[in-house]
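Inspection log for the structure reproduced underneath, given as structure tokens.
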Amino acid sequence: MIAQIAFVLVFAAGIFLFARRVREIRRNISIGQAVDRTDRKNERWRTMTMVALGQSKMVARPIAGFLHLLVYVGFVLINIEVLEIVLDGITGHHRLFASFGGGVYDALIGAFEILAALVLIACVVFLIRRNVINIRRFRMKEMDGWPKSDANIILVAEVLLMFALLSMNACDALLQGKVAELMAAGQEIPEALSHYIEAGSFPVSSMLQPLYAGMDVDGLIMTERFMWWFHIIGILAFLVYVPYSKHFHIIMAFPNTWYSKLEPKGQMTNMEAVTNEVKLMLDPSADPYAAPPADAAPVKFGAKDVQDLTWKQLFDSYTCTECGRCSSECPANQTGKLLSPRKIMMDTRDRLEEVGKNIQSDGSIKDDGKSLLRDYISEEELWACTTCNACTEACPVNIDPVSIILDLRRHLIMEESKSPESITSMFNNVENNGAPWAFPAADRGKWIEELNA
């Protein structure tokens, strides 16, 4: 009974801490501007099924995609066994599902073991790729420090969790053998061994049994219980840690792909205030001297800080996996320019976290003298973007860094009148000549004369 109470307390604490962190993230995202992403529902369900559930964009890079698929499938299916472990902890039973699972239960345990081994191997390969093999996207500047440690922490944790699961089964199988020996000898089964009924198949953990075969019954029980507790507490710790980590994408990827941008990737959104101004200019019945209501909030163009972005752009920042596929495909990044789309998303998330902490301490958004523009993302990064959308095409969870870059640019141009000289010249030409080139409209046909056409 003491073990059951301890388990319920640990389990409840894990769920509480996870829920509290999710509530904080939801609050942070809700400071974004409204945008409707609930249209074309059938297309949205299809996109989520293909991209998030089907991992269709992950396999564009076959090796990493295959390894990620192993971890993804293992994570989803092994949770069935975790459900049994949780129920065992609450009820005090051991292998609760075995009593009505029969041969199906044995097959499932065997399948889980194979998946656990594959997840373990995949995580070891991921660790080698990140820390030994010289892959450029894993050693970019924004991956120094915590981002690199975060990735390694999770991979090591998954290796330990899978090893604990297999070791628990290895000890369990040995204890089942002890029970079978006592029953064959017609001896009474001690209370401590009564849990270890014959159940499950152990194709992988049987290879670990030599590690524990020399232990007596008490040692085996102690090791099996230690691995059981290590595994479940590790999973609860993982649950609490994940919302603070880039690995929160395992939850956010599904809704993020559902709310994907469905329009063509190069299609830009119009600013509502500018659209309304144009409509007024084209409406002959409109009053050209009409003033906005006295209590109307001043219109802001573009985005300077995270609260000026939409909730979907903020949602993207928490979904970013930091895989770096966007930056590795970015032509500006490849040519040595400062822009890294992954850093844009990481900076947005870091600034959003900072604003969220201010809200938590002050109760509302206060001016802390900082902003996403310049304190996190420089003008040089913004103007390096070619808006080719190679990053959005490469992202395995349909994140859109270009939309953030465009909104920050809009702020620079429309609020601060700042743009590179070449773009300022283009704006002047459009205003004076109706075209980006420095030629008056009357001279546009002269090229024909030069060709003697």
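Worth a mention:
- Counting only alpha carbon atoms, the long axis of helix 98-131 and the longest principal axis of the chain meet at about 50°.
- Selection from ILE154, MET168, THR424, by position along the positive dipole direction of the chain (Cβ): THR424
- Modelled spin labels at PHE100 and ARG27, positioned 7 Å past Cα toward Cβ, are 4.2 nm from each other.
- Based on the reciprocal of the average 1/r between different C-alpha atoms, the Kirkwood radius for segment 306-375 equals 13.3 Å.
- Distant-in-sequence amide H partners of THR310 (H built 1.01 Å from N, under 5 Å): GLN33
- Once the 1.4 Å probe is applied to the protein heavy atoms, the chain comes out at 54 Å² accessible per residue.
- Rounded to 10°, Cα long-axis angle of helix 249-258 versus longest principal axis of the chain: 50
- Contact order normalised by residue count of segment 146-241, Cα under 8 Å, 6+ apart, percent: 44
- Shape analysis of segment 1-138 places it in the oblate category; the axes a ≥ b ≥ c from the Cα gyration tensor give an a/c of at least 1.5, with a/b not above b/c.
- Cα shape, segment 80-127, gyration tensor, a/c 1.5 rule: oblate
- In this rough spin-label picture, where each label sits 7 Å from Cα along the Cβ direction, the THR275-LYS418 distance is 2.9 nm.
- Pairwise label distance in nanometres, ALA294 with PHE439, each label 7 Å out on the Cα-Cβ vector: 5.4
- With contacts taken as Cα pairs under 8 Å and at least 6 residues apart, segment 314-450 reaches a relative contact order of 23 percent.
- Applying both filters, DSSP loop and at most 13 other Cβ atoms within 10 Å, to the trypsin sites (Lys or Arg not before Pro) of segment 1-72 gives ARG40.
- Crossing angle, helix 401-414 versus the chain [Cα axis fit, 0-90 degrees, rounded to tens]: 30
- Cα centroid of segment 415-453 to Cα centroid of segment 339-375, whole Å: 39
- Rounded percent of accessible protein surface that carbon and sulfur make up, the chain, 1.4 Å probe: 63
- Rg/Rh ratio calculated on Cα atoms of segment 389-446 (Kirkwood radius): 1.18
- Segment ARG20-ASN79, extension gain: residue separation times 0.36 nm, minus the distance between their alpha carbons: 19.0 nm
- In the chain, helical runs assigned H by DSSP with n ≥ 4 each contribute -39500 (n - 2.57); averaged across all residues and rounded to the nearest 500, the mean residue ellipticity at 222 nm is -20000 deg cm²/dmol.
- Compactness of segment 257-402, expressed as Rg and Dmax over alpha-carbon positions, Å: 18.1, 54
- Net length available on complete extension from ASN432 to ARG37 is 138.4 nm, with 0.36 nm assigned per residue and the Cα-Cα distance removed.
- Added length on full extension, which subtracts the Cα-Cα distance from 0.36 nm per residue, ARG136 to TYR244: 36.4 nm
- Translational D in µm²/s for segment 98-244 (Stokes-Einstein at 25 °C, 0.890 mPa s, Kirkwood Rh from C-alpha pairs): 141
- Among 368-381, 430-443, sorting by the average number of other beta carbon atoms lying within 10 angstrom of each residue, highest first, gives 368-381, 430-443.
- Binned Cα-Cα distances of the chain, short to long, each 10 Å bin given as a whole percent: 4, 16, 23, 20, 15, 10, 6, 4, 2, 1, 0, 0
- The mean sequence distance of close C-alpha pairs (under 8 Å, at least 6 residues apart), as a share of the length of the chain, puts its relative contact order at 20 percent.
- For the chain, the list of Cys residues with no other Cys C-beta under 4.7 Å reads CYS123, CYS171, CYS320, CYS323, CYS330, CYS385, CYS388, CYS395.
- Rg/Rg_globular for segment 164-292, with Rg_globular taken as 2.2 N^0.38 Å and Rg from C-alpha atoms: 2.30
The values are calculated or read from the model by the stated rules, or taken from the named source; none is laboratory data. Quick caveat, the model's predicted, so the values are computed rather than measured. We place every Cβ from the backbone using ideal geometry, glycine too, and count neighbours over all the protein chains shown. What goes into the accessible areas is simple: the full protein's heavy atoms, side chains included, and nothing from ligands, DNA or RNA. Shrake-Rupley method; radii C 1.70, N 1.55, O 1.52, S 1.80 Å.
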